[in-house]
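Some notes on the structure that comes next.
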Amino acid sequence: MYGVIPNWVNLKDPKERDEVEAFLQGFDLSLDQDVDYTIVIRDGVSQEASIIATCSKARNVLKCFAIIEEHRGEGITSILISALIDKLFSQGIFHSFIFSKPASAHVFLALNFKLIHSNEEVALLENGVYDIYKALEDMKENYNLGGGEKTALVMNCNPFTLGHAYLIEEAAKNNEEVLVFVVEEDRSLFPFETRYELVSKGVSHLKNVKVLPSGEYIISSATFPSYFLREKGARLKAYVELDSSIFAQYFCKILNITQRYVGHEPYCQVTRAYNEALKKVLPIYGVKLHVIARKRFKDVSISASRVRDLIKQGELDDLKNLLPDVTLEFLNTPLGREIVEKLKSSCSSH
Amino acid sequence: MFLIIVEKSNEVIYIKITKIAKAGTLESNDILIMVMPNDSGNIELELESIVMQQFGDVIEQVILHKVKEMGIEGITIKAQDKGALDYTIGARVETAIKRAI
């Protein structure tokens, strides 16, 4: 289709937003809350003309993509994607992901997106100046990772508790080389830099442990949006499968990770579903999963969510039994106190 | 997809790019060029094309010719071709590089 120009949608204008919402509803899609940029193509130049196609993005994830049946096969997809890639470059983002239904993945493969993983419900593709192989090779080089067999843990550490420390110590005791991936996505109460620093300091006495940022391919809004959106049902199942598979297929293979440790999850449904998925997926790739019983204090499992609850209720005295010194010290810094105040006045689960 | 690495030569004075930049689109008869600096000093080209079998070599020549003509070194180029003609390819490469200097 010649001369088609994508129009930017002002998402803050309820009328414009509703129009896109209504259009997407016709495809069983909805405009996700985290979308920050949306474009549409109209059937003609006037603002009144009806929408024939739309696409959005949330940071570097392209989503909410739809074209009406009559206009498929006219190259509209490439116009939309090119426009979004232009926008990303202008924002200094040189790499992007697309979530699509597996049946539509071929559309994006034809536009040079590369398939990372697909299951029955969802396919994840990427495009840009690097890919998952390059990202992992860079990680190997930057953190000086050798070829030996490794054991891995993935933790959000929001904040770092004695439970996390115990889990890492267990792994370090029984294995030669341990990698701790701290979730890099900054959607938790404690910012990534703080979480990373507390873990690094907290395990500095363990010489065979390396702490790494998890990057974009473990529990990020690309691989596992449910972790941050707290979704349930089929989508949750698809996302945990996706994240587990990417970890097994790429991380374990390229970094020679042969074992993964997780804590038993008594509270959180999403984390429990994630553990279940790991249990199923990892053995397929020859990776062993160890589920470790949580460290307890006075018969109650130590968890970061419990720590946040205590802070929220203002029961700060109990914290010294649940948190290592590094975290306790941090809570007394200006930034720490600010986070405590923020938590007291919030109701988010993160 | 294939990868070409042209080793750095010592005789001429070369210009380096400093940023990541792009030019072009993924539409039919166009080519999307992404350029980024690399530390090796070489010219690295990663080319994908829908007409790789017929014109892969020619596209490669056109891109490399343009890069050398502009005197650029230490550049990684990702090219995703949708059947662009030679002068389109040349123009897209030149624009991407000028945006990256």
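Laboratory data are not the source of any read-out in this text; all were calculated from the coordinates shown. Just so it is clear, the model here is predicted, and its values are computed rather than measured. As a convention, Cβ positions derive from the backbone with ideal geometry for all residues, glycine included, and neighbour counts pool all protein chains shown.
Values as computed for the structure displayed
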item	result
GNM top mover of B:17, B:77, B:89 - chain B, alpha-carbon springs below 10 Å	B:17
Residue-averaged beta-carbon neighbours from other chains (10 angstrom radius) around A:68-76	1
Ranked by how many other beta carbons lie within 10 Å on average, peptides A:132-139, A:154-161 from highest	A:154-161, A:132-139
Cut-off under 5 Å, modelled amide H: who pairs with residue A:116 long-range	A:124, A:125, A:126
Highest-MSF residue in chain A out of A:298, A:320, A:201 [GNM, Cα springs under 10 Å]	A:298
Residue order, fewest to most surrounding Cβ atoms within 10 angstrom, among B:68, A:57, A:344	A:344, B:68, A:57
Burial ordering of A:90, A:118, fewest other beta-carbon atoms within 10 Å first	A:90, A:118
Distance in nm between pseudo-label sites at residue A:120 and residue A:342 (7 Å out along the Cβ direction from Cα)	4.0
Considering only the protein assembly as shown, percent of DSSP beta bridges that pair antiparallel, nearest 5	60
Residue list for the range A:50-84, given a label point 7 angstrom along the Cα-to-Cβ vector of residue B:95 and an amide N cut-off under 13 Å	A:83
Charge dipole magnitude, Cβ of K and R +1, D and E -1 - the protein assembly as shown, Cα centre, debye nearest 20	1320
Separation in nanometres of the label points that stand 7 Å from Cα toward Cβ, at residue A:104 and residue A:299	5.3
The range A:213-322: GluC sites (Glu not before Pro) falling in loop per DSSP and having at most 12 other Cβ within 10 Å	A:315
Spatial separation of Cα centroids for the range A:89-165 and the range A:257-318, in angstrom	23
Relative contact order (%) - the range B:2-100, alpha-carbon pairs under 8 angstrom, separation at least six	42
Selected from A:18, A:28, A:186 as most flexible by GNM, with chain A as the system and alpha-carbon contacts under 10 Å	A:28
Neighbour cut-off at most 13 other Cβ (10 Å), DSSP loop, GluC sites (Glu not before Pro), the range B:1-96	B:7, B:11
Options A:163, A:183, A:153, ranked by Cα towards positive dipole end of the range A:118-188, top entry (Cβ charges)	A:163
Kirkwood hydrodynamic radius (C-alpha pairs) into Stokes-Einstein, the range A:240-306, 4 °C and 1.567 mPa s, D in µm²/s	102
